[in-house]
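Q: The structure follows.
The values are calculated or read from the model by the stated rules, or taken from the named source; none is laboratory data. What you see is a predicted model; the values in this text were computed from it and never measured. For neighbour counting, all protein chains shown are included, and Cβ atoms are generated from backbone atoms with ideal geometry for every residue, glycine included. Only protein heavy atoms, including side chains, enter the accessible area calculation; ligands, DNA and RNA are left aside. Shrake-Rupley method; radii C 1.70, N 1.55, O 1.52, S 1.80 Å.
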Amino acid sequence: MIVIDWGTTNFRAYYLPNDSEIKLLKNNDKGMKFIPNGMFEQEILQLFEQHKFLYDLKDNVVCMAGMVGAKNGWYEVPYLKAPISLEKLVSGLHTFNLSWQVPAFIVPGMSITNKFGLFDVMRGEETQLLGLCTLTSEENLSVILPGTHSKHATVQGRQLTDFYTMMTGELFALLNQYSILTQGMPENYEDDAGFLKGVEVGFSVPLSNALFSTRTQCLNQQLAPESVRSYLSGIIIGNEISYLSAEQTHYVIGSKGIAARYIKALAHLNYQHKAVDGETCFLQGIKFIAQKYLEGK
């Protein structure tokens, strides 16, 4: 299998010759927003040309998930409506052949009317959630998938029963770059004390007021300038965590960098948590889907 995690910004391709071996073929900034004029197949062709041994494999399948299946992606793959078993992802695959007759598929995303009564969607995270289910024997899971648009998901017996999106990463990026809160402040993001102070404030104070405290805490010298950006990050993550139950263990699926901030915040707020590597979950999930796909051929 050739497995591709194709997001808006990044393109990660892997070769999986068997159940245990994984070879990273490419990891770069060739996400769908950087592909000119919809030339998605050409990107995969370059991958095959770069790794010529792929041409020698008669039974290649190109397995893709993520924003490549979005409205502005390669093909728009309809969302499956949750609540639904994650194993049903196989039923919504968009299957096709590449021009050199290699079969390919794109995993569908999920949609839901969430617990707040609002329509919500995900693409890519559903594959990670399925992967997590294959890695743990626990039936009931509360999962945080941090990122630009962080997701909180509830899974019961491999059924995705609820999820909602928090624009944590994008909100921080916008405020950090354009707002009055960080104007003239040092480019420092590694102040743990400032971050955890922000987590406490964001967790307990209405978000809009908590955000403005980034400025006022600095004005009254309760916050050092070099702590401002970390404090701001803590506020937004702390506010996100405030919507989670303190009675559950929360799985954090993500890369080490961003997951570490959530783990630090959860531990500080005395929330039970477990960290799981996002790449591992993705690969486990798409392998499960691919095996079901191949069984049905």
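Q: Taking H placed 1.01 Å from N in the peptide plane, check which residues at least 5 places from K26 or on another chain put their amide H under 5 Å from its amide H.
A: Sorted by chain and number, the residues that satisfy this are A13.
Q: Taking 0.36 nm per residue of separation and subtracting the Cα-Cα distance, what length does fully extending D29 through L294 add?
A: Result: 92.4 nm gained on full extension.
Q: Hey, for a label at N188 modelled as a point 7 Å past Cα toward Cβ, could you say which residues of the stretch 224-247 have their backbone N under 15 Å away?
A: Those under the cut-off are 224-233.
Q: Among the aspartates and glutamates, select those whose C-alpha is under 18 Å from the C-alpha of K26, and discard any that sit fewer than 8 residues away in the same chain.
A: Partners found: D5, E41, E43, E49, E279.
Q: Hey, can you grab everything whose amide H is under 5 Å from the amide H of G147? Only 5+ residues off in sequence or another chain; H modelled, so Pro and N-termini drop out.
A: G169
Q: Using Cα centres only, tell me the gap between the stretch 187-206 and the stretch 242-297 in whole Å.
A: So the separation of the two Cα centres works out to 23 Å.
Q: OK, next. Would you mind telling me the antiparallel percentage of the DSSP bridges in the chain, rounded to 5? Please list the in-between numbers first.
A: Working: 33 of 51 bridges.
In the chain, approximately 65 percent of DSSP beta bridges are antiparallel ones.
Q: Against the longest alpha carbon principal axis of the chain, how many degrees, from 0 to 90 and to the nearest 10, is the axis of helix 207-219 turned?
A: 50 degrees
Q: Could you derive backbone 3J(HN,Hα) for the stretch 278-287 from the dihedral phi with the Karplus parameters 6.51, -1.76 and 1.60 (θ = phi - 60°), listing whole Hz in sequence and x where the residue is Gly or Pro?
A: x, 5, 4, 4, 4, 5, 5, x, 6, 5
Q: May I ask you to list the GluC sites (Glu not before Pro) in the stretch 159-243 that are in a DSSP loop and have at most 11 other Cβ atoms within 10 Å of their Cβ?
A: E187, E190
Q: Pick out, from T113, L89, V102, the residue whose Cα sits farthest towards the positive end of the charge dipole of the stretch 36-131, with +1 on the Cβ of Lys and Arg and -1 on the Cβ of Asp and Glu.
A: Of the candidates, T113 comes out farthest on the positive side.
Q: Measure up K30/K81; K23/K297; K88/K297 against 27 Å on the Cα-Cα distance and list the ones that go over.
A: Those over the limit are K30/K81.
Q: Sticking with this structure for a sec: Can you work out the Karplus-derived ³J(HN,Hα) for every residue in the stretch 101-110? Use 6.51 cos²θ - 1.76 cosθ + 1.60 with θ = phi - 60°, whole Hz, and x for glycine or proline.
A: 6, 8, x, 8, 8, 10, 6, x, x, 10
Q: Moving to a separate point now. Rounded to the nearest percent, how much of the accessible area of the stretch 1-134 (1.4 Å probe, protein heavy atoms only) is carbon and sulfur?
A: That share works out to 48 percent.
Q: How large is the accessible surface per residue of the chain, computed with a 1.4 Å probe and reported in Å² as a whole number? Let's see the in-between values first.
A: Details: 14180 Å² over 297 residues.
Spelled out: the 1.4 Å probe surface of the chain, per residue, equals 48 Å².
Q: At 1.4 Å probe size, what's the solvent-accessible area of S99? Round to the nearest 10 Å².
A: Here the residue's solvent-accessible area equals roughly 90 Å².
Q: Using modelled backbone amide H atoms (1.01 Å from N, in-plane), which distant-in-sequence or interchain residues come within less than 5 Å of L80's amide H?
A: G109, M110, S111
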